[in-house]
Amino acid sequence: MSRLARLSLANRALVALATVAIAIFGVLSMGSLKQELIPSLQIPTAAVVGAYPGSAPAIVEQQVTVPVETAARGVKGVEDVTSTSSTGLSVTTVQFAYGTDMDAAASQLQTAVTRLQSQLPEDVEPQVVTGSVDDLPVIQLAVSGGADEAALADTVTSSLVPALEDVEGVRSVAVSGVADQQVTVALDPAALAAAGLSPQQVSTILQDNGVVVPAGTVAEGDRTLSVQVGTAVTTVDELAALPLVSPTAAPGTPTVALGDVATVTAGPEPATSFSRLDGEPALAVAITKTPAGNTVEVSHAVQDAVDGLSGVLDAQDVRVEVVFDQAPFIEESIEGLATEGLLGLLFAVVVILLFLASLRSTLVSAVSIPLSLLVTFIVMNATGYTLNILTLGAMTVAIGRVVDDSIVVIENIKRHLSYGEEKVGAIIGAVKEVAGAITASTVATVAVFLPIALVGGMVGELFRPFALTVAIAMLASLFVALTIVPVLAYWFITSPPVPADPEAARLAGERARAAAEAKERRGLWQRAYLPTLRGALRHPAITLGVSVAILAGTLALVPRLETNFLGDTGQDTLTVTESFAPGTSLDAQDAAARDVEQALLDVDGVATVQTTVGTAGGPEAAFFGGGGSPTATFAVTLDADADAVAAQEDVRDAVSGLGGDASEGIEVAGADAAFGSSTVDLVVRAPDTDTLAAAAAEVQELAEGTDGAAQVTNNLAAAQATVQVTVDREAAAAVGRTETQVAGTVAGAMSPAPVGTVNLGDGPVQVRVVAGEAPATVAELEQVVLPTAAGPVPLTQVAEVAEVEVPTSITRVDGERSATIAVTPAGQDLGALTAELTTAIDGLELEGGATVEVGGVAADQADAFADLGLALLVAILIVYLVMVATFRSLLQPFILLVSIPFAATGALLLLLATGTPLGVPALIGLLMLVGIVVSNAIVLIDLINQYRERGRALDDAVLEGSRKRLRPIVMTAAATIFALTPMAIGITGGGAFISQPLALVVIGGLLSSTLLTLVVVPVLYTLAERRGEKRAARKAAKEEAAAQAEADKAAAAEEATANA
């Protein structure tokens, strides 16, 4: 590798041009990088949503869910299948492995579902829904005000939506809360009877009119004209004017208009949900970006578009508020991490300056930091990576490490120049002396990130960009240290004059070396270190005994360490969800939600509250839990300066006990839910409903008594009262009706199906025919009359109408009915809560074949810890292989690996001292430590080996090598530590949930491993090599004795021959 330095010195102008090019392209690349919150993730989940209106959960389960589950399990790559069957809706969630091509998987799943279409009820058409991080809204608006709801909806759809759709990078603008329009044809039974018409005949006539039918073409001269028959109905008046003729009427019978026998009106459909902003009726507007869009730019452009409409909106008294916006958090995180990185760079430069006491040398070594980062920006831009909290956090962490190689090179160059060597020869010799060591140490640091490929799930997807970013920066720093730094040293570092006469130069060099080494030994670091090292070498047993005691103490500290998964992201949003008893009316839900809404608005630190009362029922139900028990959701936006953790507790206290009898509980989720589940889920499975209910109640009671549980909820839906109409098939047959016909008549009376659509100018609007008031009570339902050939028959003659209890929804996991008991941790120690719950359920004996297992965030944590533990072991193995290749020895790398457990000592102590839990970011820090701490030992042992190869005695080589590597080792460790200090303190808080634990681990590990490596590694090296020397001496003695014996034997034989 030293040839690079020789080549660079021979082509200094070319190196200068390359440096300028790196700077220019690096700055351009940095400016063109997309900014987003996290790397784009393809969520490996698909949902099959099937609507079966009016059907009870048990019927939905058997006729829709079970066939869909069977089809889904036959798709390649499926890991888990869960489902929820609720009234009129089936949602089957299919989980694939991360990294699966979801477009192909969704296509296969859709094909499998299409094949079973014939097995499903006729009007059920399941849809396959998939999603990625790019499908989440970049910014969500709440629009309120206006003269009335219709005027507000008109302003949004006619002014706001078109302006937002024109914004570059916007993929879709979805408006929710706008009441759909419908045309209602309310029949007058008396007028209808007088006209000799039935409701069914009116529906048929409506379906046969207002239709445009293509009839072919005709020739008119040189033109061919299309022929179409019929005209579309475009107004309510046209619909009311449609002529009605009874199919049995005699020719010439006068016709009647639809308006003569019915009242035709256009208006909004009955509300199924309410949406409000800070207590006022509001519409929600969600904006998603294209995959290539820049989140921050799209957000700013949307804000500009809204500002540009201020005149129109103010004139209509319409207020637009931002409920959720990714951009501010992204910008704050990036700005915070950048600030911490710049502070770290400044601290590292100050450390180098203090050690080298030379501004020129400091600037030459510090130039590796910006150059390495600029190379990283170039590679990121070329590979399509984005600037997010993970990649930027990686570069911030790398700032402390990328300068290490340059420090070692410039420190050695400065030392050689101080010995009076000729400049070019000194630079080449200095680089040659350390090139192998810094190459091995950098390769080891980069190689530890290779096992990240073994980490599965979301953690692997999130941290692979982090690992690649660090690796790019490390390799760039090595290249800079071996090429650019030597050239800069040649230009900017002064050297003492060298006499032209070779002999005079040699004598001057010897005097300069002696003076420089004497000065080094008089230094504070040398005077403190050398006596300590000599004492350790004289008493190796004591040294190793103390080391073992320290490691034992480290192991004893492990049980006291808190553990979590990813931690709180620090975003300024909270989600509050209120669940209601099954069957609670929408008005009752709304009344209870208003109490919670007001309580939230009264909490200090809350900026806005967007309220949604009601449950999604379309494809979005797959991901937002639609179709089950009714809920109200409150999206809470906090003030910019609010403490999110404290605000979450204040909100939880404020809503505690609210909701009244209809409410079944209120959950508060913070920013820790940003990466999936934030609760420890106890999944209960059982073969039947009764066993499941009993087991779930028992597990819930056990969880509520567990220490560390802040909130416990049970998703097993309570039974709801339902009116069951049981048809007597024989009685129905006796009057000429079938069970299906009876069901159709009752359904038509309860909720009339649309008979068609008309376009009133704003798109198709459904037309519903209503024959009288829909039954509102059980008694009115019993009075429904069935038309038969023999005349009208009361419903009760052919069916029994009774009120029964049925489950609101049925949840299944891999084909078994299940319930989930969700436990919200009271603090940040997720591991302790999981251990408590695991111990508790292990001692639980459930009856009837019921089982319970731990899932949710606890399962995510267990999987991530297992994968990262394996990655840690593989990383150690890779580092060992790198060192074997470097030292060509199997024993010496083992000696160097002793740095790793000592690194764990400092890391654990600092985590405990700061109260920081051990989570995924901290484990990534431990993985990084494996490469960093071994680097110091590599630099140390490499020089000792060089001295021994030059013929120095073991003790002399160890002492001299350790003495000369003391300063670069302490410098690199101190530079890294001080560079990471701003992140560890969390000065700005940007991306702190990832960067802070990682920085603490690296700082603590470097502190302990550096101190112990400088003492323990030389002791172990000396013991191992001395044993080797003794073995070699014994072997040499044996060989010499054998040779002597052979010589004596030959001499005796020769003497015997001579005597003969």
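No lab work stands behind these numbers, since they all come straight from the coordinates. Not measured: the values here are computed from a predicted model. Every residue, glycine among them, receives a Cβ derived from its backbone with ideal geometry; neighbour counts consider all protein chains shown.
Over all Cα atoms in the chain, the spread is summed up by Rg and Dmax: 38.9, 159 Å.
Rg of the Cα atoms in segment 272-341, relative to 2.2 N^0.38 Å, amounts to 1.40. Compared with the dominant principal axis of the Cα atoms in the chain, helix 920-949 is inclined by about 20°. What the pair-distance distribution of segment 957-1060 shows, using all Cα-Cα distances binned every 10 Å from zero, is 12, 22, 17, 14, 11, 9, 7, 5, 3, 1 percent. Pairs of Cα atoms in segment 348-409 fall into 5 Å distance bins, from 0 up to the last occupied one, in shares of 4, 18, 26, 20, 13, 11, 6, 3, 0 percent. The per residue volume of the convex hull around the alpha-carbon atoms of segment 36-133 is 96 Å³. In a reduced charge model with +1 at each Lys and Arg Cβ and -1 at each Asp and Glu Cβ, the chain shows a dipole moment near 8420 debye about its Cα centre.
Using only Cα atoms, locate the centre of segment 119-196 and the centre of segment 63-87, then give the distance between them in Å, rounded to an integer. Taking the Cα centre of segment 63-87 as reference, the centre of segment 119-196 is 29 Å away.
Fraction of C-alpha pairs exceeding 16 angstrom in segment 847-946: 65 percent, rounded to a whole number. The calculated FRET efficiency for Val236 paired with Val645, based on their beta-carbon distance and R0 = 56 Å, is about 0.50. Taking amide H positions as modeled 1.01 Å from N, with prolines and chain starts lacking one, no residue 5 or more places away or on another chain lies under 5 Å from Arg952. Look at where the Cα atoms of segment 857-876 and of segment 253-273 average out, and the two centres are 65 Å apart.
Legend: Rg and Dmax of segment 97-235, from Cα coordinates, 24.2, 68 Å.
In terms of other Cβ atoms within 10 Å, Asp317, Asp405, Asp222, Asp867 run from fewest to most in the order Asp222, Asp317, Asp867, Asp405.
Annotated for the chain: lysine pairs at least 8 residues apart or interchain, Cα distance under 24 Å, count 13. In order along segment 547-561, phi translates into HN-Hα couplings of 5, 5, 4, 5, 5, 4, x, 4, 4, 5, 7, 4, x, 8, 7 Hz, rounded to whole numbers, per the Karplus curve 6.51 cos²θ - 1.76 cosθ + 1.60 with θ = phi - 60° and x for Gly and Pro. Treating only the Cα positions of segment 764-888 as identical point scatterers, give the base-10 log of I(q)/I(0) from the Debye formula at each q in 0.10 Å⁻¹. Debye intensities relative to I(0), on a log10 scale: -0.72.
How do Lys423, Lys289 line up, fewest other C-beta atoms within 10 Å first? Each step should come with its number before you reach the end.
Working: Lys423 18, Lys289 28.
Sorted ascending by nearby Cβ count, the order is Lys423, Lys289.
Please report His539, His416, His300 as a ranked list, fewest other C-beta atoms within 10 angstrom at the top and most at the bottom. The partial results should precede the final answer.
On the way: His539 13, His416 23, His300 16.
Sorted ascending by nearby Cβ count, the order is His539, His300, His416.
Evaluating 6.51 cos²θ - 1.76 cosθ + 1.60 at θ = phi - 60° for every residue in segment 269-280, the Karplus couplings come out as 5, x, 5, 10, 7, 10, 10, 9, 10, 6, x, 9 Hz, glycine and proline recorded as x. Angle between the Cα long axis of helix 739-750 and the longest principal axis of the chain, 0 to 90 degrees, nearest 10? Helix 739-750 sits roughly 90 degrees off the main axis of the chain.
Its Kirkwood hydrodynamic radius, worked out from the mean inverse distance over all distinct Cα pairs, puts segment 755-831 at 19.0 Å. Amide H to amide H, with H built 1.01 Å from N, Leu786 comes under 5 Å of Val793, Leu795, counting only residues 5 or more places away or on other chains. Axis angle, to the nearest 10 degrees, between helix 644-655 and the longest C-alpha principal axis of the chain: 30 degrees.
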